Amino acid sequence: MKDAVAWKQVLNIIKNTGPGTLTVVSATSGTTNSLILAAETAKNGSLGQARELINAIRENHKEIVDSFTGGSREHKEVVDNCVAHIEKMMQLLDNYLLGIHTLGELTPRSLDAVSSIGERLSSFLLAECAKATGMDSVWADAAHFLKTDSQFGAAVPDMGAIFERSKKLIHYIDQGKFVVMGGFYGSDSQEVTTTLGRGGSDYSASIFGLAVNAEAIEIWTDVSGMYTSDPRFVQHAFSIREISFNEAAELAYFGAKVLHPATIQPAVEKDIPVYVKNTFESNHPGTRIFSDADSDSPVRAIAFKKDITVITVISSRMLLAWGFLAKVFAVFEKNKVSVDLVSTSEVSISMTVDKKARLDTIQKELEDIASVKIYYNQALISLVGKNMMKSKGVAASAFDALSDFPIRMISQGSSDINLSVVVENDHAVAAVQALHDRFFPEIATPEKP
């Protein structure tokens, strides 16, 4: 969604899919980052600099519309509608920033309101530009349709309300209209703007795919599907043709950047296939995600994420004691911090967390019941595969490949498709490369993203 060329490609894809297509779009490239920076700048006292960022967003979107329509008088109504919407959003944004600046405070609620502007812009403008190409398009404001709770920054969808409101979307679809809406944002029961968190447009698409009984959900991005590992860092990583729902969900949760971790769940409910494809290589098959995907290899892919934290709790009181684990995890629940991996011994528990927020508080509360050690700058590496735990020698091959790297933690997931290890950040890429070379050794012509 970065420029007019990309918008035309997006509309070609939508048009080829056919009338009755519901399209969920993200913000234009870099816009959400600029919005967040503007909010932080306003909070820190420089309203003038924040307004300069607003103006850059305004001019970028006007430029995209002008470039798309070519300044033709034939499309004057479309251009006028787009400019009016841009100015409306910029005025709303300015009001938000003024309030943030005046109070010197940026709350999660305010941040959601500001960061939603990108999708509110791109979706309306794309729907209008679609009309300029002769498409019978209609804009659907996600704030009306994506109802959530009030957990700002990570709102939980209210599926009952979404299903009820999506009846109008189904009506548009049945009429053969091209429906365009923004992803990532919605609103709570009081009509206050909320967001699903960064990357939430994929999740939005999956939610509405479920709500409108879609035949398929297609995620169009800038890479050709899900890869055996991150091709930006791992040599010879290649696109996976087919993968199961469970494998895709594990990969997304444990570091694969292509999908939002929650994207798969709505599709699973009605067994709706999900396709991940490349906007700029539309003929590439990408990756098909569905329930019965089979594999010849025990390991389907290797995901990793850096900058995680390992927390180790050590106490002899844990030995043969009931209730000790409950006390430990109650601390994390109280502080609303999610634990990714857990590994236990007779007198210790090691856990990984993805966020550093509230770690000081967690450490202090855990120290009331045990000794605590915290290891920062760690990396989580996950081998994921449907047949992994049924195949002989997978663990042996993995640890042989990792023999040159010190391992902080080992965990086999509660499912039978995940084997994870933790190493230091500095060793992450080399360790993943060693694993990839071991499990995918014969790549004659590796595909490139």
Step through the residues of segment 11-23 one at a time and calculate ³J(HN,Hα) from phi using the Karplus curve (6.51 cos²θ - 1.76 cosθ + 1.60, θ = phi - 60°), rounding each to whole Hz and writing x for Gly and Pro. 5, 4, 4, 4, 4, 5, 5, x, x, x, 8, 9, 10
Explain nothing, just compute: Karplus ³J(HN,Hα) = 6.51 cos²θ - 1.76 cosθ + 1.60, θ = phi - 60°, for every residue of segment 30-37 in order, whole Hz, x for Gly and Pro. x, 5, 4, 4, 5, 5, 5, 5
Phe184 long-range amide H proximity, modeled H, under 5 Å: Ser201, Ser204
Mean separation of Cα contacts under 8 Å (6+ apart) over length of the chain, as relative contact order %: 13
Using the Cα centre of the chain as origin and beta-carbon charges of +1 (Lys, Arg) and -1 (Asp, Glu), tell me which of Asn335, Val422, Gln49 is placed farthest towards the positive end of the dipole. Asn335
Sorted from largest down, give the three principal axis spans of the alpha carbons of segment 4-214, whole angstrom values. 49, 44, 22
With +1 on each Lys and Arg Cβ and -1 on each Asp and Glu Cβ, how big is the dipole of the chain about its Cα centre, in debye rounded to the nearest 20? 260
On a 0 to 90 degree scale, rounded to 10, what angle separates helix 117-132 from the longest Cα axis of the chain? 50
For the chain, what is the percent of antiparallel DSSP beta bridges, rounded to the nearest 5? 70
So for each of 348-355, 115-122 I average, over its residues, the number of other beta carbons within 10 Å; can you give me the resulting order with the highest mean first? 115-122, 348-355
Compare the peptides 323-334, 37-48 by average per-residue count of other Cβ atoms within 10 angstrom and give them in order, highest first. 37-48, 323-334
Normalised by the number of residues in segment 1-130, what is the relative contact order in percent for Cα pairs under 8 Å and 6+ residues apart? 38
If you take the charge dipole of segment 4-214 about its Cα centre, with +1 on Lys and Arg Cβ and -1 on Asp and Glu Cβ, which of Asn95, Leu121, Ser166 is farthest toward its positive end? Ser166
By the scheme Lys and Arg +1, Asp and Glu -1, what is the net charge of all other residues having a beta-carbon under 9 Å from that of Ile64? -1
Ranking request for peptides 1-13, 178-190, 131-143: highest mean number of other beta-carbon atoms within 10 Å first, then the rest in descending order. 178-190, 131-143, 1-13
Can you give the translational diffusion coefficient of the chain in µm²/s, computed by Stokes-Einstein from the Kirkwood radius over Cα pairs at 4 °C and 1.567 mPa s? 54
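Values in this text are rule-based calculations from the coordinates and carry no lab data. In this text, all values refer to a predicted model and were calculated from it rather than measured experimentally. Note: ideal-geometry Cβ built from the backbone for every residue, glycine included; neighbour counts use all protein chains shown.
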